[in-house]
Amino acid sequence: MLTAAAISGYLAYDAARLSTTDVPYALTAKSWGEDVAHVPLAEQEERKQYNAIRGIGDLSQSVWLFGILCAGCLACAGYSFYA
């Protein structure tokens, strides 16, 4: 459980670090194999907002998920030491 807590804690830290930087949509699209060189910047910004709301691009929600998972693993590990 301590290993799972450490891994989820690191993932929460990494998601928090990545969610604070403003990454251009062209880099995100490139990682998915999408070419947006011909797309205007306004359209790229709309796609970025759509992805942040409805897609997997919003990492701030992942911070909460991994943070709660880390706290739960730590609580379980602590309980197993005292039980």
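The values are calculated or read from the model by the stated rules, or taken from the named source; none is laboratory data. Bear in mind that the values here come from a model prediction, so they are computed numbers and not experimental data. So basically every Cβ, Gly included, is an ideal-geometry build from the backbone, and we count neighbours across all protein chains shown.
Annotations
- Test result for E34, at negative phi and in contact with a Phe, Trp or Tyr (Cβ under 9 Å, 6 or more places away or on another chain): no
- Cβ-Cβ contacts under 6 Å between residues 6 or more apart (or on different chains), taken from a first residue in segment 13-38 that is within 22 Å of I68 (Cα to Cα) to a second residue that is among the small types (G, A, S) and in a helix (DSSP H, G or I), are listed as A15/S62; S19/S60.
- Of all the criteria given as (1) modelled with pLDDT under 85; (2) β-branched (V, I, T); (3) over 13 Å from the mean Cα position of the chain (by Cα), the one not satisfied by T3 is (1).
- Residues of segment 39-56 classified as more than 26 Å from I68 (Cβ to Cβ) and β-branched (V, I, T), total: 1
- Residues that are free of Cβ contacts under 8 Å to residues at least 12 places away in the same chain and within 25 Å of A12 (Cβ to Cβ), drawn from segment 72-83: G72, A75, G78, Y79, F81, Y82
- Flag if R54 is modelled with pLDDT of 80 or more and among the basic types (K, R): no
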